[in-house]
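The values are calculated or read from the model by the stated rules, or taken from the named source; none is laboratory data. Quantities reported herein were computed from a predicted structural model and do not represent experimental measurements. Positions of Cβ are backbone-derived with ideal geometry, glycine not excepted, and every protein chain shown enters the neighbour counts.
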Amino acid sequence: MELNSYGIRLKRLAYEDIEMLRLWRNSEFVNQYMEFRGHITIEMQKKWFSNLDSDKDFYFVIYSNDYPIGLTEIKNIIDGVGNLGIFIADEVSLKIPMLTYKVIFTIIDFSLYKLNLVKIKASILKNNIRAIRFNESLGFKLLDDQEEIKNKIYELDEKTYDQRSKKIKNIILR
């Protein structure tokens with residue numbers, strides 16, 4: 001499965017991608033923003049991949065100009081609610097204007113309009129200010145009683161997303 005929108009390609013994670021993903025996750029650049037920061041072994045990665053549920057876990061390698069730069073996912077889908085995640089492993093790609101919005105719009109559009117989710121959640125470490133601001137710009141709202149929690153949970157619904165993303169999408173699509 002591939003998703004192509006906003007000049008970005010997302011390719012469903014395959015077994016042959018998991019070593020690249022493991023190396024990214026073990027890099028300090030990516031690892032610093034993750035809840036689990038331990039070293040991921042080859043065996044751990046294989047076990048994780050084998051436990052994915054293809055109906056509830058949609059992981060995609062992000063491609064920009066046919067070059068793999070990171071991963072995004074909508075996972076743990078239960079009762080119309082899924083958990084969103086993203087990381088860009090390539091530092092240079094993070095500097096490309098609007099790239100992260102393009103990726104997020106592609107995965108959220110898929111989640112809301114193809115998978116018909118009613119809500120999307122995102123877990124963000126409280127010290128990841130850049131991610132918090134980015135998610136808030138999309139309309140994600142912090143759930144109640146999350147202020148003191150290390151890994152805060154934010155939530156987004158379709159109506160809020162449609163309102164908040166409209167202007168940014170218009171800029172991207174020019």
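Worth a mention:
- The listed residues are 42, 8, 74, and the only one of them that is of a type outside the set (Asp, Glu), in contact with a Lys or Arg (Cβ under 8 Å, 6 or more places away or on another chain), crowded, with 17+ Cβ neighbours inside 10 Å and touching a residue at least 12 places away in the same chain (Cβ under 8 Å) turns out to be 8.
- Residue tally, condition touching a Lys or Arg at 6+ places or on another chain (Cβ under 8 Å) and in a loop (DSSP other than H, G, I, E, B), over segment 92-127: 1
- Scan of segment 85-107 for residues that are aliphatic (A, V, I, L, M) and touching a residue at least 40 places away in the same chain (Cβ under 8 Å), ordered by number: 89, 98, 99, 103, 107
- Odd one out for residue 103, checked against (1) in contact with a helix residue (DSSP H, G or I) (Cβ under 9 Å, 6 or more places away or on another chain); (2) buried (at least 19 other Cβ atoms within 10 Å of the Cβ); (3) modelled with pLDDT of 90 or more: (1)
- Of the residues making up segment 106-130, those that are surrounded by 20 or more Cβ atoms within 10 Å (Cβ to Cβ) and either in contact with a Ser or Thr (Cβ under 6 Å, 6 or more places away or on another chain) or closer than 19 Å to residue 144 by Cα (or both) are 106, 107, 117, 120, 122, 124.
- Residue match in segment 133-142 (condition: touching a Lys or Arg at 6+ places or on another chain (Cβ under 8 Å), under 24 Å from residue 77 (Cβ atoms), free of Cβ contacts under 8 Å to residues at least 24 places away in the same chain and assigned to a loop (DSSP other than H, G, I, E, B)): no
- Count - residues of segment 9-49 that are modelled with pLDDT of 90 or more, under 18 Å from the mean Cα position of the chain (by Cα) and outside any helix (DSSP H, G or I): 6
- Residue list for segment 131-154, filter: closer than 24 Å to residue 98 by Cβ and either surrounded by 15 or more Cβ atoms within 10 Å (Cβ to Cβ) or in contact with a strand residue (DSSP E or B) (Cβ under 8 Å, 6 or more places away or on another chain) (or both): 131, 132, 134, 135, 136, 138, 139, 140, 141, 154
- For segment 52-68, the count of residues that are aliphatic (A, V, I, L, M), under 21 Å from residue 125 (Cβ atoms), surrounded by 14 or more Cβ atoms within 10 Å (Cβ to Cβ) and in contact with a strand residue (DSSP E or B) (Cβ under 6 Å, 6 or more places away or on another chain) is nonzero.
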